[in-house]
Amino acid sequence: MFKHTIYKRELTINLSKPHKDNSKICSATSTIEAKNKCTDGDVAMFLPNTYGNEQVPLLYVTLFCDFDYPITHAGGGVSCIFTTKRKDDWKKFGVK
């Protein structure tokens, strides 16, 4: 456990998070494809066919990324550990 105070707020980072098996990469160009191809624990690489709408990668992160692990976001895509933790919310956002 690492604790650090920044601007009078304590930041706690759990450095002992169990290691995920990151041996499988799942690449998807849409949320529907991600839902059908990726499984919990996969390294998910989301490369949408459309470019310039920053809401698309944000939607992907919100629905499919495990916030307990690092998330990498670049202008053209996202890489993270895939999760189905929020599966109950997928339909609300058009993932059927």
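Here are the numbers for the structure shown:
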quantity	calculated
Karplus (6.51, -1.76, 1.60) ³J(HN,Hα), θ = phi - 60°, over the stretch 27-40, in Hz, Gly and Pro reported as x	9, 9, 10, 8, 5, 5, 5, 4, 4, 7, 9, 8, 10, 3
In Hz, Karplus ³J(HN,Hα) per residue of the stretch 55-64 (6.51, -1.76, 1.60; θ = phi - 60°; x = Gly, Pro)	6, 5, x, 5, 4, 4, 4, 4, 7, 10
Gyration tensor verdict on the stretch 43-96 (Cα atoms; rounded if a/c is under 1.5, prolate if a/b is larger than b/c, oblate otherwise)	oblate
In Hz, Karplus ³J(HN,Hα) per residue of the stretch 72-82 (6.51, -1.76, 1.60; θ = phi - 60°; x = Gly, Pro)	10, 10, 10, x, x, x, 9, 10, 6, 8, 6
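Read-outs: derived from the displayed coordinates by stated rules, not from any lab. Keep in mind it's a predicted model, so treat the numbers as computed, not measured.
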